[in-house]
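One structure is given here, and the rest of the page talks about it.
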Amino acid sequence: MNDTDVIQAAYADALHRLFAVFLEGLAAAGGDADRQTQAAATFKSGLVLARMARDQAMKMVRLA
């Protein structure tokens, strides 16, 4: 497994964990629209950060 594969696998793992938290948030919301919106916002923020980390790591690997 090379560096790129490890980064992609870590990104996939992060997405799995983010989705699990999102699902838990939706379930805990119990139909409350505000809590569902908060769960979605948290998921989106995490997704943006995970993508940023993946992209920056891939750039560093290419420069190394």
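The values are calculated or read from the model by the stated rules, or taken from the named source; none is laboratory data. It should be emphasised that the depicted structure is a prediction, and the values quoted were computed from it without experimental measurement. Every residue, glycine as well, gets a Cβ built from its backbone with ideal geometry; the counts of neighbours run over all protein chains shown. Heads up: the accessible areas ignore ligands, DNA and RNA and are worked out on the full protein's heavy atoms, side chains in. Shrake-Rupley method; radii C 1.70, N 1.55, O 1.52, S 1.80 Å.
Worth pointing out:
- A9 meets the conditions (1) open to solvent by less than 50 Å² (accessible area, probe 1.4 Å); (2) touching a helix residue (DSSP H, G or I) at 6+ places or on another chain (Cβ under 8 Å) in every case but one. The failed one is (2).
- Scan of the range 15-64 for residues that are open to solvent by 90 Å² or more (accessible area, probe 1.4 Å), among the charged types (D, E, K, R) and more than 16 Å from the chain's Cα centre (by Cα), ordered by number: D34, R35, K59, R62
- Single unsatisfied condition, N2 versus (1) open to solvent by less than 70 Å² (accessible area, probe 1.4 Å); (2) without any contact (Cβ under 8 Å) to a residue 12 or more places away in the chain; (3) closer than 26 Å to V61 by Cα: (1)
- Subset of the range 34-64 [of a type in the set (D, E, K, R) and within 15 Å of V6 (Cα to Cα)]: R51, R54, D55, K59, R62
- Scanning the range 1-40 for residues that are of a type in the set (S, T, N, Q) and not in a loop (DSSP other than H, G, I, E, B) yields T4, Q8, Q36, T37, Q38.
- Pairs where the first residue, in the range 10-35, is closer than 12 Å to L47 by Cβ and the second is open to solvent by 80 Å² or more (accessible area, probe 1.4 Å), C-beta under 9 Å, 6+ apart: Y11/R51; A14/L49
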